[in-house]
Structure formats: C-alpha cells, structure tokens
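Worksheet: the structure to be examined is printed underneath.
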Amino acid sequence: MITMYINDQTVVAEAETTVLKAARDNNIHIPTLCHHPALKPSGSCRVCAVAVEKASGDRTIMLSCILPVKQGLRLWTEGEEVRQARIKALMRLIAMAPMSERIRHLAEKEGIDLPPAPDGCIRCRLCIRVCKEIIGKQALRMDKEDGRQMVIADPDRCIGCGTCANICPTQAITVSEDGGMRSVSIRGSAFGRHPLKRCQGCGKYYATEKQIQLMEERTAPHPQVKEHHNYCAHCAKLFSNKLMVMEKQPPRLQTHK
C-alpha cells in the first residue's frame, strides 16, 4: 500500500493505481469529463487537474487521471493554481461544444463562469427593422439581458405575421403552426401564440386574426379596395385570374326566337 497526502489529508492507496482513483476511494472530489472506469485514462479533457508538490517545494499542475500514486506524494485538489487550470480546460472545451449542458453544469458546480451559450442570433437587427419599418408594430427591440445585447420581444405588439422569421438570416426566430395556432419563437421560447383564420376558398389556415385586421386597417382608406374577403394568397390569385378572364370575354349575344 502507498501512503500519500491529498489536501494535507493522509491517504492510503493501492499501488499501481491513479491519483484520481485514490481520491475517489477516499471521497475526495475531483471533477472529470473524459474519464470512464472501463477505459484506459487519456487526460483529454484536462478538467481533473491537481497541484502536485515538487522536490523543490514548488507546485506544478498535473492530471490526476493519468498520474500514478507514489509514496509520500503531496497534492491539492483545490487552490488558485488548480482553479486556473480548470478554467483554462473548461474554456477550451466550451469553445468546441458551446451548447453542451454537461460542460456548463460542471462549470457551475465548480463555481466557474463560462461565456453565455450562443443563441443563433448575429444581432443584425433585420427582424427589429422589418417589424418597425414595414409591419409598423415594433414588437422587437434590442436590450441588455444577462449582461449582453439581446433581441427582446413584446408579445402584446406581435401580430404573428412571421415576417421576422422569414427575414432572419440564421433562423434564430422560427414560426410553427399546430391545430389552428401559430407560434413565433426566439431562442427556442415562444413569445407569440396566435389563432389562425381559414381561407374561404380552400379551407386552409392562412393568416392570424391580428394580421388580417392590420391589412384591413391599412387598405381601408384606399378608394379602389373592394369588399374584404378571407382568401389565402393562392385562392385570391386564382379567383382574381378567373375574374380577369371573364371580364375579357366578349358579351354574349342574345338570340330572339
């Protein structure tokens, strides 16, 4: 058996084992990501860093999963050197897997702050501009949240037209329809849920009630607008084409018997 010291605590370990196993056998916490007891350790994630005392008395950072136990070995699983080594390791890992919940959970458990996860938004403001300049509702704005600039939605102003999703170059804003309801979402969270109206022609859902109301308000002052109808774009074009053909037909001559 080997006698060593972890955090100034005397630990007895089996020969030809690793510091990580010795620590775990004695209920001493060392975080890991790439370690599995059924496989030979590789030290890939570097999260299991510990500070080891050298012969000179200085400390050096080593990886506990590949560090063999040694008689009289002294090491620490905590401290500023260890913290900085783990921060460096986790920053490298999160750069490769920015959406990994496991890495973020481990960092939180270790008290290490990581940069926020990407949300797919490139802050181009196209969605904000089109909602303000074209739709005229200003349902989106740029504001600070969690320490960074974010596109924030105002659900009360949203009419569910989906123009913001259509213009978004990275699909950070999405639109989905289910059972006569349209949902508009950003960062995976729905900020607008709107009932849809059916087309009088084909019966398919085609626009939200608020969207149709806005179109009616916009076109009401126009002198050439005919009576409002509830046709989808396809049916409206189809019926319009039929009317144009009928209008171009020469008048039918009446025959007298």
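Computed from the coordinates by the stated procedures, all read-outs in this text should not be read as laboratory data. Treat the numbers as computed from the prediction; the structure is a model and nothing was measured. All Cβ positions, glycine included, derive from the backbone under ideal geometry; neighbour counts span all protein chains shown.
Quick notes on this structure:
- Estimated FRET transfer efficiency when R0 is 25 angstrom, pair Ile167-Gln200 (beta carbons, to 0.05): 0.30
- Adding -39500 (n - 2.57) for every DSSP H run of four residues or longer, then dividing by how many residues the chain holds, sets the calculated 222 nm ellipticity at -8000 deg cm²/dmol.
- C-alpha long axis of helix 209-219 to longest principal axis of the chain, angle in °: 50
- Among Gly43, Gly120, Gly57, the largest mean-square fluctuation in a Gaussian network model of the chain, built with springs joining Cα atoms closer than 10 Å, belongs to Gly57.
- Residue-count net charge about Ala117 - beta-carbon cut-off 13 Å; Lys, Arg +1, Asp, Glu -1: -1
- The relative contact order of the chain comes to 10 percent, based on Cα pairs under 8 Å that sit 6 or more residues apart.
- Local net charge near Ala49, Cβ-Cβ under 13 Å (Lys/Arg +1, Asp/Glu -1): +2
- Note on log10 I(q)/I(0) by the Debye sum over Cα atoms at q = 0.12, 0.14, 0.16 Å⁻¹: of the candidates [x] -0.65, -0.89, -1.18; [y] -0.83, -0.97, -1.13; [z] -0.71, -0.95, -1.19, the value calculated from this structure sits at [y].
- Here His29, His234 are placed in order of increasing Cβ neighbour count within 10 Å, fewest first, which gives His29, His234.
- Charged neighbours of Ile66, selected by a Cβ distance under 12 Å, balance to +3 (K, R count +1; D, E count -1).
- Per-selection Kirkwood Rh - region 2-109 (Cα, Å, 1 d.p.): 14.3
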